[in-house]
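The values are calculated or read from the model by the stated rules, or taken from the named source; none is laboratory data. The structure presented is a predicted model; accordingly, all values stated were derived computationally and were not measured. Cβ placement follows ideal geometry from the backbone for every residue including glycine, while neighbour counts extend to all protein chains displayed. The protein model used for the area step is the full one, side chains on, heavy atoms only, and it has no ligands, DNA or RNA in it. Shrake-Rupley method; radii C 1.70, N 1.55, O 1.52, S 1.80 Å.
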Amino acid sequence: MFVKSADTVSTSGSTLILPSVSIGNVPQLSVDLLISTLEATRVGIIHSPYLVPISGTSGFDHLPDQRLVPLEVYQTPDTKWTIVQQRSPPLAKHHKDFARELMDFIELGSFSRVIVLTSSDAALRGDAMIDGPQIRSLTVNCEDVLANKLRELSLSSLGSGYA
């Protein structure tokens, strides 16, 4: 359940950036970097009984008094970017329940697009992926500025090559 920090919070039309909990915590670290660099502020939390409970001190210079919780929602000052930071994994046997909750948040948020950051084990690469760039992209139903920018950056498609 999304708990807003204020009644004026709106995610409609913004781009959602969502990390996956994966190898080396690379997506979560990337999201922390985005939050810090863009000076995004927390606009709410997603309260979920399906996540391991945690609490900690802020890791952001621009938000020194903030307490960290398992699933936080940040937004840039121009409201173009909404960023979710997931700090703990789902509880055993509750992955589907958590995924349903997250899908509800995405559907109710009316986001213009959703970007999922992930990482994978290099040992799973096939021979075709050994050479070339290690950053790859996958777009689904995305023929806009973002997809064009990915092509301009010459990022290889994730389409095939994994074992």
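Taking the criterion of being touching a helix residue (DSSP H, G or I) at 6+ places or on another chain (Cβ under 8 Å) and closer than 21 Å to Ile23 by Cβ, would at least one residue in region 56-66 satisfy it?
Yes: one or more hits.
Return the pairs, sorted by first residue and then second, in which the second residue is assigned to a loop (DSSP other than H, G, I, E, B) and open to solvent by 20 Å² or more (accessible area, probe 1.4 Å), the first residue lies in region 1-30 and is more than 18 Å from Leu117 (Cβ to Cβ) and without any contact (Cβ under 8 Å) to a residue 60 or more places away in the chain, the beta carbons are less than 6 Å apart, and the residues are 6+ apart or on different chains.
From region 1-30, the pairs are Val3/His47.
Does Pro64 satisfy the condition of being in contact with a strand residue (DSSP E or B) (Cβ under 9 Å, 6 or more places away or on another chain) and open to solvent by less than 70 Å² (accessible area, probe 1.4 Å)?
Considered against the rule, which asks whether it is in contact with a strand residue (DSSP E or B) (Cβ under 9 Å, 6 or more places away or on another chain) and open to solvent by less than 70 Å² (accessible area, probe 1.4 Å), Pro64 comes out as no.
Out of all the residues in region 21-46, which are among the acidic types (Asp, Glu) and open to solvent by less than 50 Å² (accessible area, probe 1.4 Å)?
Of everything in region 21-46, just one residue is among the acidic types (Asp, Glu) and open to solvent by less than 50 Å² (accessible area, probe 1.4 Å), namely Asp32.
Any residue at all in region 40-49 that is in contact with an Asp or Glu (Cβ under 8 Å, 6 or more places away or on another chain) and of a type in the set (Lys, Arg)?
yes
The conditions are (1) in contact (Cβ under 8 Å) with a residue 60 or more places away in the chain; (2) over 22 Å from Ile35 (Cβ atoms), and Met103 fails exactly one of them. Which is it?
Looking at each condition in turn, Met103 falls short on (1).
Can you work out which of the residues in region 1-20 that are among the small types (Gly, Ala, Ser), open to solvent by less than 60 Å² (accessible area, probe 1.4 Å) and on the phi < 0 side of the Ramachandran plot is nearest to the chain's Cα centre (by Cα)?
Only one residue tops the list, namely Ser20.
Does Leu108 satisfy the condition of being hydrophobic (A, V, I, L, M, F, W, C) and either under 17 Å from the mean Cα position of the chain (by Cα) or closer than 12 Å to Phe2 by Cα (or both)?
Spelling it out, Leu108 is indeed hydrophobic (A, V, I, L, M, F, W, C) and either under 17 Å from the mean Cα position of the chain (by Cα) or closer than 12 Å to Phe2 by Cα (or both).
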